[in-house]
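Please read the structure below before turning to the comments.
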Amino acid sequence: MTDILLLFFALPVAITILSIIGETLIHSPIKIAGITFSILLIITFSIADETYLIYTILYTILSYAAAWLTAQWIKNQNEDNCLNQLIQTTNAENLINTQNTSTNQLNNITNNTNCNCRRRF
């Protein structure tokens, strides 16, 4: 009974959590899956037998999926921040153009809203 709970509840939850944490540190889902696979493969052949190799492969797929979803979520969060900053910059430029304010104020506003994102073109 304890092996069933370990295989179907504890290990998948732990691998998912560790994959999410690893993705935020390493930023590469394939590396996270490779690390997970290598650790589980060592555990499979040192503690268990070859029948647990199927679980190792399934947990590696789970690890990759969790890391990939985390990477996509982080990427979308960064894109939303850049989009909001671009909208604020555009609104500030329009406001300055309509009020005929000095260009120094425009430069101060646009320089403060740099999102440091890479170009997507």
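The listed residues Ile57, Ile74, once ranked by accessible area (1.4 Å probe) with the largest placed first, stand as Ile57, Ile74.
Once you have a ≥ b ≥ c as the square roots of the Cα gyration tensor eigenvalues for segment 31-83, tell me rounded if a/c is under 1.5, and otherwise prolate or oblate according to whether a/b is larger than b/c.
Verdict is prolate for segment 31-83.
For segment 19-41, the residues whose amide N sits under 18 Å from a probe point set 7 Å from the Cα of Lys75 along the beta carbon direction are 20-34. The label-point distance for Ile43 and Leu25, in a model that sets each label 7 Å from Cα toward Cβ, rounds to 1.6 nm.
The values are calculated or read from the model by the stated rules, or taken from the named source; none is laboratory data. As the structure is a prediction and not an experimental result, all values here were calculated from the model. Glycine also receives a Cβ, built like all others from the backbone with ideal geometry; neighbour counts cover every protein chain displayed. Surface areas here come from the heavy atoms of the whole protein model, side chains and all, with no ligands, DNA or RNA. Shrake-Rupley method; radii C 1.70, N 1.55, O 1.52, S 1.80 Å.
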